[in-house]
Amino acid sequence: MKILIIDLMHESIVPLLEEKGHEVHYRPEIDREGILQILSDYQGLVIRSKTPIDRDLLEKGAQLKFVARAGAGLDNIDLDYLEQNSIALYSAPEGNRDAVAEHALGMLLALFNHYIQSDQQVRKGVWDREGNRGVELCGKTVGIFGYGNMGAAFAQRLKGFGVKILAYDKYKKGFGDENVQECSFETIQAQADILSIHVPLTEETRAFFSPEVIQGFKKPFYLINTARGEVISVKTLIQELRSGKIKGAALDVLEKEKLKSLTPMERASFEELTTFKQVLFSPHVAGWTNESYRKINEVLVAKIAGQWKG
């Protein structure tokens, strides 16, 4: 097939596809207008998140047989159009699930043990042991919201920490084992000391964690979000950090991540969120390791070739 790649990818993507006999055009510099002009020539489209893969764009791809997403999130793609027109969709959550799991665990440990604060203090000559007394993960109950590739990988990383792991997934059943207890969301609300979010952004999950849902938790808890920022608004985060129901938060994603385009009101809210010392940020890089950059390509190419073994 003739394949167009429109985003920056690990350099292995071109030879991997060419080895399967495909003609590959690597155009990471191309803009949306350029894509619209040439898409009709291609049978395959490989993307990250440069531009919405919406109906207007897809209608230009009369020959398209597949869209391949280098990553996990599909909220930027018109899935209905693909299904209606028998265009295959490939994604690669298997390629970055380990990176996400390690990042989530790292952020949690950093939050519990004040790594960022203590590092900055020592660099300035401040030796404050009591102010940096940590919290142990051992003995805590961790609730995992969404038990797909990312949630399961995170649970696997937690095995050696002496925690109780609860997991809820609306669309997946029968996954409980000796390490993970499959349960209802209400059970997580009743027992969790830590909540880690691992769901895609859909109409169901957008703003799912409202103040009412957060207040439904029986005890204060720590929040980890490496999924999508839109599942909980900045306003709700601030409100529940103030109330104490959220004891601390590790945030790799935000409701709006293009910080330079925030409105004055949005910027004020974001700046208020940054004043909470018990909040740790990273710039949507949980799945963004050197290893995952390459592994995503390998997963995608195997799926395109029908050779993915899982």
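Any idea what the dipole of the chain comes to, in debye rounded to 20, about its Cα centre with Lys/Arg Cβ at +1 and Asp/Glu Cβ at -1? Could you put the intermediate results ahead of the total?
Numbers: 39 positive and 42 negative charges, 165 e Å.
That gives the chain a dipole magnitude of about 800 debye.
Across the chain, where is the longest run that never hits chymotrypsin sites (Phe, Trp or Tyr not before Pro) in a DSSP loop with at most 14 other C-beta atoms within 10 Å? It would help to have the intermediate numbers written out before the result.
On the way: sites that count: Trp127, Tyr171, Phe175.
For chymotrypsin sites (Phe, Trp or Tyr not before Pro) (loop position, at most 14 other Cβ atoms within 10 Å), the longest site-free span of the chain is 176-310.
With contacts defined as alpha carbon pairs under 8 Å and 6 or more residues apart, what's the relative contact order of the stretch 72-201 in percent? Working shown, then result.
On the way: 161 pairs, mean separation 35.1, N = 130.
Dividing the mean separation by the residue count of the stretch 72-201 yields 27 percent.
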* What nm distance separates the two modelled labels at Phe185 and Val213, each placed 7 Å from Cα along Cα→Cβ? -> 0.5
* Express the relative contact order of the chain as a whole percentage, based on alpha carbon pairs under 8 Å and six or more residues apart in sequence. => 18
* Taking only protein heavy atoms and a 1.4 Å probe, what accessible area per residue, in Å², does the chain have with all protein chains in place? -> 50
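Beta carbons within 10 angstrom, averaged per residue: use that to sort the peptides 67-75, 99-107, highest first.
Numbers: 67-75: 20.7, 99-107: 22.3.
Sorting 67-75, 99-107 by mean packing, highest first, produces 99-107, 67-75.
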* Charge-dipole axis of the chain as Lys and Arg at +1 and Asp and Glu at -1 on Cβ define it, positive-most pick from Leu262, Gly162, Ser12 -> Gly162
* Asked: Rounded if a/c is under 1.5, else prolate if a/b beats b/c, else oblate: with a ≥ b ≥ c from the C-alpha gyration tensor eigenvalues square-rooted, which is the stretch 177-240?
  -> oblate
* For the chain, calculated [θ]222 nm from helices alone, where every DSSP H run of n ≥ 4 adds -39500 (n - 2.57) -> -10000 deg cm²/dmol
* Potential extension, Glu257-Glu178 segment - 0.36 nm per residue separation minus Cα distance -> 24.6 nm
* Structure fact -> Nearest 10, in degrees from 0 to 90: the angle of helix 290-304 to the longest Cα principal axis of the chain is 40
* To do: Name the shape class, rounded, prolate or oblate, that the alpha-carbon gyration tensor gives for the stretch 1-99, where a ≥ b ≥ c are the square roots of its eigenvalues, rounded holds for a/c under 1.5, and otherwise prolate holds if a/b is larger than b/c and oblate otherwise.
  => rounded
* **Under 23 Å from Lys60, Cα to Cα: lysines that are on another chain or at least 8 residues apart** => Lys2, Lys50
* Taking the chain as the reference, fit the longest principal axis to its C-alpha atoms, fit the long axis of helix 93-113 to the helix C-alpha atoms, and give the angle between the two in degrees, 0 to 90, nearest 10. => 20
* **Computed FRET value (nearest 0.05) for Ile38 with Asp128, which takes r as the C-beta separation and R₀ as 35 Å** => 0.05
* Report ³J(HN,Hα) in whole Hz for each residue of the stretch 54-60, in order, from the Karplus equation J = 6.51 cos²θ - 1.76 cosθ + 1.60 where θ = phi - 60°; Gly and Pro get x. => 9, 4, 4, 6, 5, 5, 7
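The values are calculated or read from the model by the stated rules, or taken from the named source; none is laboratory data. Remember, it's a predicted structure, so these values are computed and weren't measured experimentally. Neighbour counts are summed over all protein chains in view; Cβ atoms, including those assigned to glycine, are modelled from backbone coordinates with ideal geometry. Only protein heavy atoms, including side chains, enter the accessible area calculation; ligands, DNA and RNA are left aside. Shrake-Rupley method; radii C 1.70, N 1.55, O 1.52, S 1.80 Å.
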